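So the structure is just underneath, and the comments pick up after that.
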Amino acid sequence: MLFDGTVGDNIACGDSRYSTLQVIDAAKLARAHKFISDLPQGMNTTIGRHGIQLDAGQAFRIGLARALLREPSLMVLMEPKLPRRESATTQLDESLRLAADGRTTLVLPSRIETLQHVSCVYVLHQGKLLTQGTHAELMDSCDLYRYLSYVRFDTLRMERQEA
């Protein structure tokens with residue numbers, strides 16, 4: 001979620017406790033600093049409804065920087081749906097990996113690759129924990145997980161439906 005205002009304001013949320021250096025460090029950790037530096041006024045570029053429009057991956061990384069600035073011990077992240085460009089997914093993977101370092105992170109994935117790289121996947125069914133394990137373990141042992149993986153992430157199935 002982006003607010004109308006500058007990139008720096010979006011990350012700091014107007015909280016004067018955070019210095020410009022801290023905001024920049026959070027942007028670097030979220031892998032947002034490079035694209036922010038390329039904006040017309042960098043951190044002072046206006047974004048939102050009345051400013052420059054960012055793509056889903058950039059907006060996610062701004063929001064991630066906002067969260068990381070506050071140094072949470074727990075983060076819940078909804079991974080954005082991105083086009084299958086290698087540069088976009090590489091940046092997303094890197095930002096998720098760095099954000100998770102040293103904290104508990106719950107990720108609601110939009111890509112199968114995310115599930116393949118997390119340390120543990122929890123399968124919830126009808127409001128209860130059904131099972132947990134790595135992606136590979138669950139693909140071998142859980143019919144519901146295999147089904148959900150197919151329905152949610154099978155790109156060949158999705159391409160056939162679009163045709």
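The values are calculated or read from the model by the stated rules, or taken from the named source; none is laboratory data. These numbers come from a predicted model, not from an experiment. As a convention, Cβ positions derive from the backbone with ideal geometry for all residues, glycine included, and neighbour counts pool all protein chains shown. Remember, those area values only see protein heavy atoms, side chains included, never the ligands or the DNA or RNA. Shrake-Rupley method; radii C 1.70, N 1.55, O 1.52, S 1.80 Å.
Return the calculated 222 nm mean residue ellipticity for the chain, to the nearest 500 deg cm²/dmol, obtained by summing -39500 (n - 2.57) across DSSP H runs with n ≥ 4 and dividing by the residue count.
Details: 9 runs with 82 residues, N = 163.
Rounded to the nearest 500, the figure is -14500 deg cm²/dmol.
Split the accessible area of the range 2-90 by element, probe 1.4 Å, and carbon with sulfur accounts for 53%.
Given a 1.4 Å probe and heavy atoms of the protein chains only, how would you sort 23, 118, largest accessible area at the top?
Working: 23 10, 118 50 Å².
Sorted descending by solvent-accessible area, the residues read 118, 23.
Note on the range 106-133 and the range 12-52: Cα centroid distance 31 Å, given to the nearest whole angstrom.
The H on the amide N of residue 105, modeled in the peptide plane, is under 5 Å from the matching H of 75, each at least 5 residues off or on a different chain.
Charges at C-beta only: +1 for Lys and Arg, -1 for Asp and Glu. How large is the resulting dipole of the range 1-139 about its Cα centre, in Debye rounded to 20? Working shown, then result.
Numbers: 15 positive and 14 negative charges, 31 e Å.
Once rounded to the nearest 20, the dipole reads 140 debye.
Both radii are taken from the alpha-carbon atoms of the range 42-128; with Rh as the Kirkwood radius, Rg/Rh is 1.00. Gain on full extension, evaluated as 0.36 nm per residue between residue 50 and residue 154 minus their Cα-Cα distance, stands at 33.7 nm.
Relative to the current alpha-carbon distance between residue 37 and residue 15, full extension at 0.36 nm per residue lengthens the span by 5.8 nm.
Quick one: if the Förster radius is 22 Å, what FRET efficiency do residue 4 and residue 90 give, using the C-beta to C-beta distance and rounding to 0.05? Can you show the working numbers first?
Details: r = 30 Å, r/R0 = 1.34.
The calculated FRET efficiency here is 0.15.
Suppose R0 equals 22 Å; then what is the FRET efficiency for residue 28 and residue 108 from their Cβ-Cβ distance, rounded to the nearest 0.05?
Values: r = 25 Å, r/R0 = 1.12.
For residue 28 and residue 108, the calculated efficiency is 0.35.
Sequentially through the range 2-12, phi angles give Karplus couplings (6.51, -1.76, 1.60; θ = phi - 60°) of 10, 9, 5, x, 7, 4, x, 5, 5, 6, 7 Hz, Gly and Pro residues having no value and appearing as x.
In the list (i) 9, 29, 24, 11, 10, 10, 6, 1; (ii) 8, 28, 33, 24, 7, 0; (iii) 10, 34, 30, 18, 7, 0, the label attached to P(r) over Cα pairs in 10 Å bins from 0, in percent as derived from the coordinates here is (iii).
Count the net charge of all other residues whose Cβ sits under 12 Å from the Cβ of residue 67, scoring Lys and Arg as +1 and Asp and Glu as -1. Result for the local shell: +3. Looking at the range 27-67, the trypsin sites (Lys or Arg not before Pro) that sit in a DSSP loop and have at most 11 other Cβ atoms within 10 Å of their own Cβ are 49.
When DSSP assigns beta bridges and you keep just the ones with both residues in the chain, what percent turn out antiparallel, to the nearest 5? Percentage antiparallel, nearest 5: 55. Residues whose amide H comes within less than 5 Å of that of residue 6, counting only those at least five positions distant or on another chain, are 47 (H built at 1.01 Å from N in the peptide plane). For residue 79, nonlocal amide neighbours, meaning residues 5 or more places apart or on other chains whose placed amide H falls under 5 Å from its own, are 108, 110.
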